[in-house]
Amino acid sequence: MAFQILLNLVIAIIWVNFQNSYTAVDFLIGYVVGIFTLFVLRRFLKFDFYMRRVWAIIKLIILFIKELILANLDVIKIVLSPKMNIQPGIIAVPTKLKSDWELSLLATLITLTPGTLSMDFSDDNKYIYVHSINVPNKEQMIRDIHDTFERAILEVTK
């Protein structure tokens, strides 16, 4: 991936030199030309196109912002309700993530989401223990974590 980014930057610099115009717009156009060139060459050079991973990172950020807003609304509903109809709980969430980086990212995303807190990992790193302010359905919460954060992290790291 780093080689592709470097190659893309070289193509952009060559583009700017051929245009004989050293502006940011021309560099951006050269960078886009480089992206297109690498996309076409991916079949011949047998490498994974790096913009796929960049797009997956952008989708993960957008997903986190969406989940952050939804979790904030849920916490606001709990705080403003006249009765405390909550069921706090600790859930062991099984995970398919392998590396320490992936597990740390999942724990960070869960902790940064209001109403949830990553507490600990199992000894074999197959479970992450999550405390939530309201857990009406444990299986649904596990499914939500798998379908959102874990799937997006796997897409970024594969």
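Observations, loosely collected:
- Cβ-Cβ contacts under 7 Å between residues 6 or more apart (or on different chains), taken from a first residue in segment 15-29 that is β-branched (Val, Ile, Thr) to a second residue that is assigned to a loop (DSSP other than H, G, I, E, B) and loosely packed, with under 12 Cβ neighbours inside 10 Å, are listed as VAL16/TYR22.
A quick yes/no check of all residues on (1) within 30 Å of TYR31 (Cα to Cα); (2) among the hydrophobic types (A, V, I, L, M, F, W, C); (3) without any contact (Cβ under 8 Å) to a residue 12 or more places away in the chain; (4) in contact with a helix residue (DSSP H, G or I) (Cβ under 9 Å, 6 or more places away or on another chain):
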| position | (1), (2), (3), (4) |
| --- | --- |
| LEU112 | no, yes, no, yes |
| ASN125 | no, no, no, yes |
| VAL130 | no, yes, no, yes |
| ILE133 | no, yes, no, yes |
| THR157 | yes, no, no, yes |
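- Being in contact with a strand residue (DSSP E or B) (Cβ under 6 Å, 6 or more places away or on another chain), open to solvent by 40 Å² or more (accessible area, probe 1.4 Å) and of a type outside the set (Lys, Arg) is not true of THR37.
- Answer residue from segment 119-134, given it is more than 27 Å from LYS77 (Cα to Cα) and of a type in the set (Phe, Trp, Tyr) and is surrounded by the most Cβ atoms within 10 Å (Cβ to Cβ) among those: PHE121
- Filtering segment 47-101 to residues that are free of Cβ contacts under 8 Å to residues at least 40 places away in the same chain, closer than 25 Å to ASN125 by Cα and among the small types (Gly, Ala, Ser) leaves only ALA92.
- Search result, residues across segment 48-78 that are closer than 12 Å to ILE153 by Cα and either of a type outside the set (A, V, I, L, M, F, W, C) or touching an Asp or Glu at 6+ places or on another chain (Cβ under 7 Å) (or both): ARG53, ALA56, LYS59
- Output for segment 135-155, where each listed residue is open to solvent by 30 Å² or more (accessible area, probe 1.4 Å) and either touching a helix residue (DSSP H, G or I) at 6+ places or on another chain (Cβ under 7 Å) or in a loop (DSSP other than H, G, I, E, B) (or both): PRO136, ASN137, GLU155
- Scan of segment 79-118 for residues that are out of contact with any strand residue (DSSP E or B) (no Cβ under 9 Å at 6 or more places or on another chain), of a type in the set (Val, Ile, Thr) and either surrounded by 14 or more Cβ atoms within 10 Å (Cβ to Cβ) or under 16 Å from ILE153 (Cβ atoms) (or both), ordered by number: ILE86, THR113
The values are calculated or read from the model by the stated rules, or taken from the named source; none is laboratory data. Model, not experiment: these values are computed from the prediction. Please note: Cβ atoms are built from the backbone with ideal geometry, for glycine as well, and neighbour counts cover all protein chains shown. When the accessible area is computed, the model is the full protein with side chains, heavy atoms only, and any ligands, DNA or RNA have been set aside. Shrake-Rupley method; radii C 1.70, N 1.55, O 1.52, S 1.80 Å.
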